[in-house]
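Take a look at the structure below.
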Amino acid sequence: MKRDLLILFALLCCAMITTYILAKGAEPDRIFTSHTRNYDRFTLQSVDTVLFPGRVSIMKAAQGNIYGYVYSKKTIFRYNTDLHQTDSFFTNSILPLDIVTRLEVDTSTHTFYIFDDTGKKIITYQPGSGKLDSIMYPDTARAYKDISHTAYMITSFDTSKKVAQLKLRNFNAPALDTTLYEFRRFEDGGLSADGFYTRNTRNHFYIPFYNGGIIRYDEANNNIKLMHTIDNTPPLNVAVPSGNIYTRSSKSIVVNSTATADDQYLYILSYVLSEDAVASNYKGPAVDVYNIQNGDYEGSFRFPGYQSKPVLQLAKSADTLIAVYENNILLFKLTSK
């Protein structure tokens, strides 16, 4: 049990270090690909710029609102894109939380799922009621009321097999996880499989930080498909042993940093340098766009620079693409040919 907690702590530290590197604009070694990106398909047009009261570490968009979690304020703020107004959506006065690590939105029921840092508590919140709706505990599969059948992905490390696993967890039965995928086995405590999640109305995506293998789970058809980024970076061991735990190697290289999806495309912010970037001496990231249905690469685009800040989070709402530049959120109209 103690070793499990140490492994989970190492995974959390790894994710925080990755975010810190991106936020500080550091330039570690980069992955190169011979692929030449196509920038003719997609066009960005600036629409709005919103200043949040602190660095936004988690961001979601739904039904004309943008929700951003600011850790320094222990608050999820909401920006209404029609009224151009910002207010406090979820604060510690509703329920004290040390830190929010994940936010999911079920637009069909307008229910928000707020995850704490322990993984033992999921808060379901419906803003229409203005109060806490339900608390769930994954270790006991107990819920205070029946809620949506929405499921979500989690990653865990099987200490007996010594392999990282991707699992599906239903909000109504959190102790009955379904194993969707087992990652390549490394002596790393699961760090090499570290990544992040995004989803659209029917698909869940798990996108690794350190390789180009994307896992798509089609919830309606209950099947898994693998997609590959243009660089095809293979899984590698990015961890080194440090006492009883594993830590991220200084030689590990971030490939993908954040992503979002609509019903047609998956948009991934990639730090892979392509032939065109090398030729033009461009060192910033690019957003690569993939067709969700067949996994094909559709094209790329670049975000404009803003106050020398990196893009940390993405979200998509209708034809609007939303990007977090630390405490600023920029809205763009995204069009395709």
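Throughout, read-outs are computed from the coordinates displayed, never taken from laboratory work. Bear in mind that the values here come from a model prediction, so they are computed numbers and not experimental data. Here Cβ is always computed from backbone atoms with ideal geometry, including for glycine, and neighbour counts include all displayed protein chains.
Between residue 333 and residue 244, the C-beta separation translates, for a Förster distance of 51 Å, into a calculated FRET efficiency of about 0.50. Values of log10 I(q)/I(0) for segment 45-131 across q = 0.15, 0.18, 0.25, 0.27 Å⁻¹ run -0.54, -0.77, -1.46, -1.65, by the Debye formula with one identical scatterer at each alpha carbon and no solvent.
Shown for 152, 39: other C-beta atoms within 10 Å of each C-beta, ranked fewest to most, produce the order 39, 152. Counting only residues at least eight positions apart within a chain, or on another chain, the aspartates and glutamates with an alpha carbon under 19 Å from that of residue 333 are 40, 48, 82, 262, 263, 288, 298, 319.
Listed from fewest to most Cβ neighbours within 10 Å, the set 110, 204, 84 follows the order 84, 110, 204. Highest-first packing order for the peptide set 49-55, 253-259, 156-162 is 253-259, 49-55, 156-162, based on the mean count of other beta carbon atoms within 10 Å.
Please compare each pair in 60/283; 251/337; 167/337; 121/283 to a cut-off of 32 Å on the Cα-Cα distance and tell me which ones are over it. Over 32 Å apart, Cα to Cα: 251/337; 167/337; 121/283. Model label points for residue 51 and residue 282, set 7 angstrom from Cα along the Cα-to-Cβ axis, are 3.0 nm apart. Between residue 29 and residue 132, take the C-beta separation as r, use R0 = 45 Å, and let me know the FRET efficiency to the nearest 0.05. Calculated transfer efficiency: 0.50. Inverting the pair-averaged 1/r between distinct Cα atoms of segment 222-337 gives 16.2 Å as its Kirkwood hydrodynamic radius.
What FRET efficiency do you get for residue 264 and residue 223 if R0 is 22 Å and r is their Cβ-Cβ distance, rounded to the nearest 0.05?
0.70
In this structure the amide hydrogen of residue 62, modeled in the peptide plane, comes within under 5 Å of the amide hydrogens of 67, none closer than 5 places in sequence on its chain. Going from the residue with the fewest nearby Cβ atoms within 10 Å to the one with the most, 67, 267 rank 67, 267.
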